[in-house]
């Protein structure tokens, strides 16, 4: 990257030397170098790129640099770049651009590609239709393997993938698929209809992209056909697009689990005001919900006055409750995201967490009992009160940690919302009620 920057800044500037360096690089690495370039250098370097590389590099450049390049190019050059891009890449680019840039780009794309782009843009956001490409190889049942290779040679040049071909009937009705491996090991005279795979895994255009990603993971797919309501093939989703979906969905879940409103912009490129807006709603909600904890402590003020020593163990109990609940919620949320835990498994999950919480609670309780008994002048009642409260707190916290995400899924709320911050707040309240109730019952205060 630095080598390209240094070559640009050299006087006199050597375009030949720059092309020599770029020619030996991967297009993704070349795109990364644009992060280091200013506006003038960005345009200068892009104009020097070989035609065979320009579109590949453009598709990998960040949107801000893409806009700079498009604004500097002529209409003819913009049209050429868009023609070289795959349809899904063109859609990704257009979705990130302001209206004036989109208008100019679409005006300089040929009619056929414009229709394909507009078709994908019409599908709901985050649906299978919105991430698919319409550039795929289709075959007919009646052609032979030899004829299929001829079709692939002619049409496959501009397709996103030729490893998997899809078999369609009249009106694009999807009936099967066949891989390049099957074609290569079959006899030239074999009919596609006889050797194709009829056990299809497909998605509808309106299916959620997260569900499509789960299907890719489950069936180990490289691509998946996308059909309309009448099972007519309209496009395919490829594994490179699904990797982006998985990254996007995982990022969103992590942000929700950390009590943040999801952001589409990278952290470094998000200003402080936007970051604050994403964080403040949850911080305010959690701050206000903490008044419940204060009210509980205030309600047991007489008990604390009678035995001030009780206050010393409140932080430990509250921290343990939050940590125990957070452990369970994290595992359950992840299990649900991977499809390992379903709503109907709620009783099995609850029983498993109760077993775990009893084991963890008893071990922690035993250690805690000895610590308190030794350090508090062999105060048996105090040690017993805190220990029993701790065990019950762990059981309740872990039960809440597994139940709340499943309940959220049941009522169609993202389970990631029921993560550590929410669980901690609720578990804290229960731990205090248990602790003071146990103190009143055992220590008679």
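The values are calculated or read from the model by the stated rules, or taken from the named source; none is laboratory data. As the structure is a prediction and not an experimental result, all values here were calculated from the model. Glycine also receives a Cβ, built like all others from the backbone with ideal geometry; neighbour counts cover every protein chain displayed.
Restricting to region 33-45, give me the number of residues that are crowded, with 17+ Cβ neighbours inside 10 Å, assigned to a helix (DSSP H, G or I) and under 31 Å from the mean Cα position of the chain (by Cα).
Here the count works out to 3.
In the set 42, 52, which member is in the same structural domain as residue 20 (by TED's automatic domain parsing) and more than 20 Å from residue 109 (Cα to Cα)?
After applying the criteria, what remains is 42.
Any residue that is part of a helix (DSSP H, G or I), in contact (Cβ under 8 Å) with a residue 12 or more places away in the chain and not assigned by TED's automatic domain parsing to the domain that holds residue 245 - is there at least one of those in region 130-151?
Yes, there is a match, as at least one residue in region 130-151 is part of a helix (DSSP H, G or I), in contact (Cβ under 8 Å) with a residue 12 or more places away in the chain and not assigned by TED's automatic domain parsing to the domain that holds residue 245.
Kindly evaluate residue 312 against the criterion of being under 25 Å from residue 442 (Cβ atoms), at pLDDT below 90 and in a helix (DSSP H, G or I). Spell out the reasoning first.
Details: under 25 Å from residue 442 (Cβ atoms): yes; at pLDDT below 90: yes; in a helix (DSSP H, G or I): yes.
Against the criterion (under 25 Å from residue 442 (Cβ atoms), at pLDDT below 90 and in a helix (DSSP H, G or I)), residue 312 qualifies.
Given the residues 278, 271, which is the only one that is without any contact (Cβ under 8 Å) to a residue 40 or more places away in the chain, surrounded by 14 or more Cβ atoms within 10 Å (Cβ to Cβ) and under 34 Å from the mean Cα position of the chain (by Cα)?
278
Do any helices (runs of 4 or more DSSP H) lying entirely in region 331-445 carry at least 3 residues that are more than 30 Å from residue 214 (Cβ to Cβ) and modelled with pLDDT of 90 or more, and which ones are they?
Counting at least 3 such residues, we get 346-375, 380-410.
Within the group 333, 343, which residue is surrounded by fewer than 17 Cβ atoms within 10 Å (Cβ to Cβ), in contact with a helix residue (DSSP H, G or I) (Cβ under 9 Å, 6 or more places away or on another chain) and farther than 30 Å from residue 444 by Cβ?
Matching residue, one of 333, 343: 343.
Please go through region 79-118 and give me each residue that is touching a residue at least 24 places away in the same chain (Cβ under 8 Å) and either under 15 Å from residue 159 (Cβ atoms) or assigned by TED's automatic domain parsing to the domain that holds residue 159 (or both), ordered by number.
83, 84, 85, 86, 87, 88, 89, 90, 113, 116 - these are the residues of region 79-118 that are touching a residue at least 24 places away in the same chain (Cβ under 8 Å) and either under 15 Å from residue 159 (Cβ atoms) or assigned by TED's automatic domain parsing to the domain that holds residue 159 (or both).
With 275, 183, 286, 233 as the choices, which residue is at pLDDT 90 or above, more than 23 Å from residue 123 (Cβ to Cβ), in contact with a helix residue (DSSP H, G or I) (Cβ under 9 Å, 6 or more places away or on another chain) and not in a loop (DSSP other than H, G, I, E, B)?
183
Against the definition (in contact (Cβ under 8 Å) with a residue 60 or more places away in the chain and over 20 Å from residue 318 (Cα atoms)), how does residue 410 come out, yes or no?
For residue 410, the condition - in contact (Cβ under 8 Å) with a residue 60 or more places away in the chain and over 20 Å from residue 318 (Cα atoms) - is met.
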